[in-house]
1. Cβ-Cβ below 8 Å, separation at least six or inter-chain, first residue in the range 44-64 and closer than 19 Å to I78 by Cα and modelled with pLDDT of 95 or more, second surrounded by 14 or more Cβ atoms within 10 Å (Cβ to Cβ) and among the hydroxyl-bearing types (S, T, Y): which pairs?
2. If a residue has to be part of a loop (DSSP other than H, G, I, E, B) and not hydrophobic (A, V, I, L, M, F, W, C) to count, how many in the range 132-147 make the cut?
3. Among helices (runs of 4 or more DSSP H) lying entirely in the range 66-120, which contain 2 or more residues that are within 13 Å of the ligand (Cβ to nearest atom) and surrounded by 18 or more Cβ atoms within 10 Å (Cβ to Cβ)?
4. For P141, all conditions in the list (1) closer than 16 Å to H44 by Cα; (2) without any contact (Cβ under 8 Å) to a residue 12 or more places away in the chain hold save one; what is the number of the exception?
5. Out of all the residues in the range 36-53, which are within 13 Å of the ligand (Cβ to nearest atom), buried (at least 18 other Cβ atoms within 10 Å of the Cβ) and under 14 Å from the mean Cα position of the chain (by Cα)?
6. May I ask you to verify whether I150 is of a type in the set (A, V, I, L, M), in a helix (DSSP H, G or I), assigned by TED's automatic domain parsing to the domain that holds I39 and within 13 Å of the ligand (Cβ to nearest atom)?
7. Tell me yes or no: at least one residue of the range 100-110 is of a type outside the set (S, T, N, Q) and either touching a Cys at 6+ places or on another chain (Cβ under 6 Å) or within 16 Å of S187 (Cα to Cα) (or both).
Amino acid sequence: MLGSVCSHHSWRDQREDAHKSLGRSERGEYSARMIHVGIGYDVHALVAGRKLILGGVEIPHTKGLDGHSDADVLMHAICDAVLGALGEADIGHFFPNTDPRWKDATSIVFLQEAARQVGQRQGKIVNVDATLIAQQPKVYPHIAEMKKRIAAALGVGEKQIGVKATTNERMGFIGREEGMAAMAVASIEF
Ligand code: MG
């Protein structure tokens, strides 16, 4: 029947049916809500004399990540994934590392800002998934707390947040414990 004339179901009816599944924009136009996906990646160097903050959790370690803010590589990757799903510029655009306001700032504020931008578009975060790549220390015992803090910063439930960790099999700068990396994806309905 697709594409053929259906006498008892006019094009008007079909349009009405279609509109039932569509949202209405502020201007009163019909527009479909869609799922948008974003990707984020970040890397920071490991240095002595810095706290190690990952996913908002301070983890005891001999070194910490270097950076202008608290250098929470995991939250930074997640922030870029959320901003990317909105088609926005990256974290450095909104929080330049030349701005003294963000010196040693908790990265929770970056996620809060990304979530605010989602809300501004009447969007909803569907889920976030992230992977931390670090040779040391073992972060598994801290993952539940990281999820809790990431979820709180984004204003979503913990079940919407995935956090995983892997080593780099002792290869490259991560394997030599010179730095850590993180990647993330976010899906947002708006
Ligand atoms: Mg960063």
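The values are calculated or read from the model by the stated rules, or taken from the named source; none is laboratory data. Source: prediction; values computed, not measured. Cβ atoms come from the backbone with ideal geometry, glycine included; neighbour counts cover every protein chain shown.
1. Every condition considered, the pairs that remain are I53/T106; I53/S107; G56/T106; G56/S107.
2. Let us first name the residues in the range 132-147 that are part of a loop (DSSP other than H, G, I, E, B), namely 134-139.
Next cut, not hydrophobic (A, V, I, L, M, F, W, C) only: 135-138.
Selection size over the range 132-147: 4.
3. Counting at least 2 such residues, we get 73-85, 108-120.
4. Condition not satisfied by P141: (1).
5. Correct list: G40, D42.
6. Answer is no for this residue.
7. Yes, the conditions are met somewhere in the range 100-110.
So that you can scan it fast, the table gives a plain yes or no per residue for (1) touching an Asp or Glu at 6+ places or on another chain (Cβ under 7 Å); (2) hydrophobic (A, V, I, L, M, F, W, C):
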site: D70; (1), (2): yes, no
site: I78; (1), (2): no, yes
site: F95; (1), (2): no, yes
site: K103; (1), (2): no, no
site: F110; (1), (2): no, yes
